[in-house]
Amino acid sequence: MKYRQISTKELKEKELEILSFFHEYCAENNLSYYLAAGTLLGAVRHKGFIPWDDDIDVYMIREDYMRLISIFPKKGINGLKLLTPFTDKHCPITYGKLYDTFSLKFDNEVEKKYQKYGVDIDIFPLDYVPDNISDMNRFYQNQYFSLKVFLGIVGKYRKEKTVIKTICKAIFMTVCKFLALVHILNANKIAIKINESAMRFGKGEYLCSSMLPRGRKARPYAKTQAFQKRLLAIFEGKEFYIPSGYEEYLTNTYGNYMQLPPIDQQVTHHLSNVYIEN
């Protein structure tokens with residue numbers, strides 16, 4: 001089977017097709033979702049992709065996320081499959097992806113043996129977190145450390161900003177990979193643990209996605225009420241759902257979100273090459 005590398009324009013068009021399918025599937029099955037992160041920012045500020053961005057992120061409240069996993073056919077629909085730690089023990093992520101099986105996506109940060117998906121959209125579950133800041137931070141620190149170990153197993157070695165950081169990370173990853181090789185650590189069990197840890201809190205004042213924590217301190221994206229209602233917003237000429245409290249979410253995440261970043265920061269941070277069947 002022959003593949004050709006696709007352009008960023010083709011990549012975005014395919015991602016938009018997947019998002020459109022996802023939108024219709026959720027409507028048919030009474031599931032709620034919201035555009036998230038840079039995709040939400042793009043919808044509000046650009047009415048489409050941020051010009052230098054090339055991926056699509058959505059949020060689902062945990063209950064809907066788990067129901068999606070339970071009802072989506074394992075064999076897929078129309079060449080699209082759902083990848084999550086709950087559905088594939090070799091899943092290289094802690095959240096979910098809806099991906100196209102007629103393409104291949106090679107992530108430069110993930111070990112080759114875990115490369116198994118194509119053009120995709122990312123699906124992140126939203127969970128309740130403790131209202132108390134100290135408890136919230138403690139929870140986030142545990143999630144952050146577990147994720148580091150998970151990435152130590154599935155990730156590739158790469159250079160860091162300094163030689164010392166590069167050496168320290170290489171040592172850490174070598175230990176993680178060795179412990180996985182001798183079956184002391186298991187990437188899938190760690191991914192499941194990260195998810196289960198996030199599900200243990202009852203309903204609270206804040207919602208947060210802790211599947212991919214960026215640091216040791218939690219920053220709740222928005223109060224629960226911001227996600228209680230949805231609005232339709234234009235994204236690349238089509239309508240998709242965003243949270244009614246999008247202003248609070250975007251402000252907490254990006255600050256003055258309507259202001260463009262400096263030119264030198266207007267670059268994509270995603271490290272992957274995508275190929276599609278010829």
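The values are calculated or read from the model by the stated rules, or taken from the named source; none is laboratory data. Please read these numbers as outputs of a predicted model, since none were measured by experiment. Using ideal geometry, Cβ is built from the backbone for each residue, glycine included, and neighbour counts are taken over all protein chains shown. Just the protein is used for accessible areas: all its heavy atoms, side chains included, with ligands, DNA and RNA removed. Shrake-Rupley method; radii C 1.70, N 1.55, O 1.52, S 1.80 Å.
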Quiz prompt | Count - residues of the stretch 67-84 that are open to solvent by less than 10 Å² (accessible area, probe 1.4 Å) and over 13 Å from residue 122 (Cα atoms) | solution = 1
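Is at least one residue of the stretch 49-56 in contact (Cβ under 8 Å) with a residue 60 or more places away in the chain, aliphatic (A, V, I, L, M) and within 18 Å of residue 238 (Cα to Cα)? Even if it seems obvious, please write down each step before you answer.
Kept after step one, since they are in contact (Cβ under 8 Å) with a residue 60 or more places away in the chain, are these residues of the stretch 49-56: 49, 51-56.
Among the residues that remain, those that are also aliphatic (A, V, I, L, M) are: 56.
When the remaining residues are screened for being within 18 Å of residue 238 (Cα to Cα), the result is 56.
Yes, there is a match, as at least one residue in the stretch 49-56 is in contact (Cβ under 8 Å) with a residue 60 or more places away in the chain, aliphatic (A, V, I, L, M) and within 18 Å of residue 238 (Cα to Cα).
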Quiz item: What do you reckon, is residue 194 open to solvent by less than 60 Å² (accessible area, probe 1.4 Å) and modelled with pLDDT of 95 or more?
Solution: yes
Quiz item: Taking the stretch 71-115, which residues are touching a residue at least 60 places away in the same chain (Cβ under 8 Å), polar (S, T, N, Q) and in a loop (DSSP other than H, G, I, E, B)?
Solution: 94, 108
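Please find, among 120, 107, the residue that is charged (D, E, K, R), within 30 Å of residue 11 (Cβ to Cβ) and crowded, with 21+ Cβ neighbours inside 10 Å.
Values: 107 fails: crowded, with 21+ Cβ neighbours inside 10 Å.
Being charged (D, E, K, R), within 30 Å of residue 11 (Cβ to Cβ) and crowded, with 21+ Cβ neighbours inside 10 Å holds for just one of 120, 107, which is 120.
Please tell me if residue 99 is hydroxyl-bearing (Ser, Thr, Tyr) and closer than 21 Å to residue 275 by Cβ. Please lay out each step first, then the result.
Values: hydroxyl-bearing (Ser, Thr, Tyr): yes; closer than 21 Å to residue 275 by Cβ: yes.
It is true that residue 99 is hydroxyl-bearing (Ser, Thr, Tyr) and closer than 21 Å to residue 275 by Cβ.
I'd like the full set of residues that are outside any strand (DSSP E or B) and out of contact with any helix residue (DSSP H, G or I) (no Cβ under 6 Å at 6 or more places or on another chain), limited to the stretch 49-70.
First pass over the stretch 49-70, keeping only residues outside any strand (DSSP E or B): 49-56, 62-70.
If the condition is that a residue be outside any strand (DSSP E or B) and out of contact with any helix residue (DSSP H, G or I) (no Cβ under 6 Å at 6 or more places or on another chain), then 51, 52, 55, 62, 63, 64, 65, 66, 67, 68, 69, 70 are the ones that fit.
Tally the residues that are among the polar types (S, T, N, Q) and open to solvent by less than 60 Å² (accessible area, probe 1.4 Å), restricting the search to the stretch 163-191.
Step one: list which residues in the stretch 163-191 are among the polar types (S, T, N, Q), which gives 166, 174, 186, 188.
Filter again for open to solvent by less than 60 Å² (accessible area, probe 1.4 Å), leaving 166, 188.
The number of residues fulfilling the criteria is 2.
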Practice problem: Go through (1) in a strand (DSSP E or B); (2) at pLDDT below 95; (3) not hydroxyl-bearing (Ser, Thr, Tyr) one by one and return the number of the condition residue 232 breaks. | Solution: (2)
